[in-house]
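Scroll down for the structure; my scribbles are underneath it.
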Amino acid sequence: MRLPCLTGPVLSGLHCFLIAADQMSFTRAAEILCLTQSAVSHKIKNLEDSLGVKLFIRQPRKLTLTDEGKRLKEVLALNFGDIANELRDLRTLELSGDLNVSVPPTFAQRWLLPRLNSFLEKYPALRFHLRTRNELVDFHTESFDCAIYFGNGKYTGLHVVKLMDESMVPVCSHEYADQHGLYGNPAKLTSCMLLHDAAPWARAGVNDEWQYWAQQNGVVLPEVGCTFDRADLALQAAERGIGVAIGRASFIAEQLESGRLVTPFTLAVASPQNYFLVCRNEMATSPRVKAFIDWLAEVQ
């Protein structure tokens with residue numbers, strides 16, 4: 001069997017042959033393809049001429065596949081099935097399917113949600129599903145397309161894209177800073193209530209964020225404190241004058257601008273953890289995931 005040039009007529013003939021071989025009838029193939037029986041016969045004759053082999057043994061009221069026809073049917077059945085699956089996936093990946101994303105709770109509330117409408121307006125046919133959690137995703141058992149992590153970027157066996165850096169600085173209400181003499185005086189933290197995000201990143205200790213900031217600035221911290229399982233709760237407690245929280249730059253711009261929070265001393269430090277988008281390697285080329293990554297880069 002010589003290799004033909006896969007022109008439109010040849011491809012059309014291959015599809016016609018597969019239907020006829022499956023039905024073992026030119027008449028039924030014609031009904032399925034909305035063609036005449038003679039058109040089906042003509043397409044298959046042209047295909048046989050292009051290939052240089054006979055595909056059917058034509059007998060009165062009966063068709064039989066030749067050995068070459070059987071081989072071709074097997075190959076086409078597999079490959080046309082793959083093509084059909086790929087076309088179905090392309091329709092899904094065409095930003096008209098589902099995008100399932102896992103995001104840390106405070107990042108979702110303070111950074112992603114205020115911007116999300118522009119993504120949904122850009123891709124109106126996409127169904128966006130957001131789930132929040134501090135824990136890492138098990139991509140082998142969970143149906144997330146991608147996740148945003150606050151971490152060190154080392155996620156073995158996964159595709160990782162850095163989204164943005166983070167920095168952190170202590171914040172509190174103006175009244176609390178004034179009452180405790182904090183303005184320009186970080187040593188006064190020893191008499192303050194520290195507000196901790198108990199899970200600032202995966203497998204972090206309850207005071208890791210504060211300890212890192214203190215070590216970078218040579219500041220002694222008090223023992224007393226409150227812990228929260230979400231960073232936004234610690235920030236809300238700080239707004240209400242309960243104590244001093246670590247504020248991440250990506251979370252606190254609005255509160256600083258409105259005056260609900262203040263930075264009593266300008267001792268911001270680069271965070272040891274940053275934001276990354278993570279997905280399975282095979283999802284890295286997904287148009288849905290790629291569109292989300294590109295949009296995240298645009299709105300920073």
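The values are calculated or read from the model by the stated rules, or taken from the named source; none is laboratory data. Everything numeric in this text was worked out from a predicted model, so none of it was measured. A quick note on method: Cβ atoms are made from the backbone with ideal geometry, for glycine too, and the neighbour counts reach across all protein chains shown. Side chains included, ligands, DNA and RNA excluded: accessible areas come from the protein's heavy atoms. Shrake-Rupley method; radii C 1.70, N 1.55, O 1.52, S 1.80 Å.
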Going through (1) open to solvent by 20 Å² or more (accessible area, probe 1.4 Å); (2) within 21 Å of GLU254 (Cα to Cα); (3) of a type in the set (A, V, I, L, M) one by one, VAL169 fails only at (1)
Identify, from the list LEU256, LEU221, LEU233, LEU195, the residue that is surrounded by fewer than 22 Cβ atoms within 10 Å (Cβ to Cβ) and closer than 29 Å to LYS154 by Cα. LEU233
If I filter segment 269-285 for residues that are under 30 Å from PHE128 (Cα atoms), among the charged types (D, E, K, R), touching a Gly at 6+ places or on another chain (Cβ under 9 Å) and open to solvent by less than 40 Å² (accessible area, probe 1.4 Å), do I get at least one hit? no
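I'd like the full set of residues that are of a type in the set (S, T, N, Q) and in contact with a helix residue (DSSP H, G or I) (Cβ under 8 Å, 6 or more places away or on another chain), limited to segment 163-186.
Residues satisfying the conditions are SER167, SER173.
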Segment 55-64 - residue that is surrounded by 15 or more Cβ atoms within 10 Å (Cβ to Cβ) and more than 13 Å from THR27 (Cβ to Cβ) and, of those, nearest to the chain's Cα centre (by Cα): LEU55
Within segment 170-196, residues being in contact with a strand residue (DSSP E or B) (Cβ under 6 Å, 6 or more places away or on another chain) and closer than 18 Å to PRO222 by Cα number 8
For segment 64-97, the count of residues that are at pLDDT 90 or above and aliphatic (A, V, I, L, M) equals 1
Contact list please: Cβ distance under 7 Å, first residue in segment 102-116 and closer than 8 Å to LEU130 by Cβ, second residue of a type in the set (Ser, Thr, Tyr) and at pLDDT below 95, pairs at least six apart or on different chains. VAL103/THR132; ALA108/THR132
Grab the strands (runs of 3 or more DSSP E) fully contained in segment 117-235, keeping just those with 2 or more residues being under 16 Å from ASN274 (Cα atoms). 146-151, 158-164, 167-171
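Looking at the structure I just gave you, is VAL206 modelled with pLDDT under 95, of a type in the set (A, V, I, L, M, F, W, C), open to solvent by 30 Å² or more (accessible area, probe 1.4 Å) and within 30 Å of GLY157 (Cβ to Cβ)? First the steps, then the outcome.
Working: modelled with pLDDT under 95: yes; of a type in the set (A, V, I, L, M, F, W, C): yes; open to solvent by 30 Å² or more (accessible area, probe 1.4 Å): yes; within 30 Å of GLY157 (Cβ to Cβ): yes.
For VAL206, the condition - modelled with pLDDT under 95, of a type in the set (A, V, I, L, M, F, W, C), open to solvent by 30 Å² or more (accessible area, probe 1.4 Å) and within 30 Å of GLY157 (Cβ to Cβ) - is met.
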Going by the conditions given, is VAL103 at pLDDT 95 or above, among the β-branched types (Val, Ile, Thr), over 30 Å from PHE17 (Cβ atoms) and surrounded by 13 or more Cβ atoms within 10 Å (Cβ to Cβ)? yes
